[in-house]
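Here it is, the structure, as structure tokens.
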Amino acid sequence: FYLRTQRIERITKEQIAMDLHDETGTILTRLLMLNKSLQSDDLARMKINEGLNEVLFSMRAFLVSLRNKKSTLTDLVDDLQDFISIQLQGTPIQPRVKLLKDQPLEINGSLYRDIKLCVYEAVNNAIKHAGCNHIHLDIWVTNQMLQVVVEDDGKFKTSELSANKGNGIRNIEKRTSRNSGHVIFKTSTFATGLRNEMTFKIK
């Protein structure tokens with residue numbers, strides 16, 4: 001009975017993931033492309049664009065966690081590289097994504113999702129608020145903790161965080177905390193900018 005219940009749960013999750021990907025994902029992508037094709041550059045269109053991008057990314061990250069599939073460190077880096085390249089299209093910002101030390105490692109779906117969403121928030125904050133020219137993402141593992149650092153050379157300072165602590169920063173704090181980790185905001189190793197140091201416990 002227990003094995004049968006597990007099998008039904010797995011099949012149900014996979015079916016939900018497939019339906020969301022094939023139906024909802026297709027609709028959202030079509031709306032995003034339609035919105036981009038409009039000539040107007042008004043604030044409302046930009047907000048719609050941002051919202052659709054956020055929903056699509058969050059949904060795709062959620063689908064990974066439903067599929068009972070573990071990913072490798074290389075999978076994570078490749079996925080984040082693709083995401084950053086797409087997000088920075090049409091901007092002058094130069095990205096660099098680096099895995100400082102590869103090693104055999106399996107990341108479960110829920111942790112994989114939270115890491116991706118934290119990087120999404122950090123990168124989008126840099127794009128929207130920092131006025132930067134470079135974004136660097138470094139990933140490595142030490143003592144069963146996954147270290148993820150996103151930093152930029154923009155104008156945003158750590159002293160401004162308290163006054164500008166929006167949902168993005170709060171979401172990063174929440175997601176690192178629920179994975180037995182934390183986030184520290186520092187001055188970037190560039191001459192200016194913000195450095196997000198995030199840690200996640202490998203489960």
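Does L52 fit the bill of being open to solvent by less than 30 Å² (accessible area, probe 1.4 Å) and at pLDDT 85 or above? Full working, then the answer.
Values: open to solvent by less than 30 Å² (accessible area, probe 1.4 Å): yes; at pLDDT 85 or above: no.
In short, no.
If the Cβ limit is 7 Å and pairs must be 6+ apart or interchain, which residue in segment 73-97 that is assigned to a helix (DSSP H, G or I) pairs with which residue that is exposed (fewer than 14 other Cβ atoms within 10 Å of the Cβ)?
Correct list of pairs: L73/D102; L73/Q103; T74/D102.
Okay, residues lined up against (1) modelled with pLDDT under 85; (2) assigned to a strand (DSSP E or B); (3) open to solvent by 40 Å² or more (accessible area, probe 1.4 Å); (4) within 21 Å of I107 (Cα to Cα):
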residue: V149; (1), (2), (3), (4): no, yes, no, yes
residue: S159; (1), (2), (3), (4): yes, no, yes, no
residue: N164; (1), (2), (3), (4): yes, no, yes, no
residue: G168; (1), (2), (3), (4): yes, no, no, no
residue: R175; (1), (2), (3), (4): no, no, no, yes
residue: V183; (1), (2), (3), (4): no, yes, no, yes
residue: K186; (1), (2), (3), (4): no, yes, yes, no
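The values are calculated or read from the model by the stated rules, or taken from the named source; none is laboratory data. As the structure is a prediction and not an experimental result, all values here were calculated from the model. Glycine gets a Cβ as well: all are built from the backbone with ideal geometry, and neighbour counts include every protein chain shown. All accessible areas refer to the heavy atoms of the entire protein, side chains included, with ligands and DNA or RNA removed. Shrake-Rupley method; radii C 1.70, N 1.55, O 1.52, S 1.80 Å.
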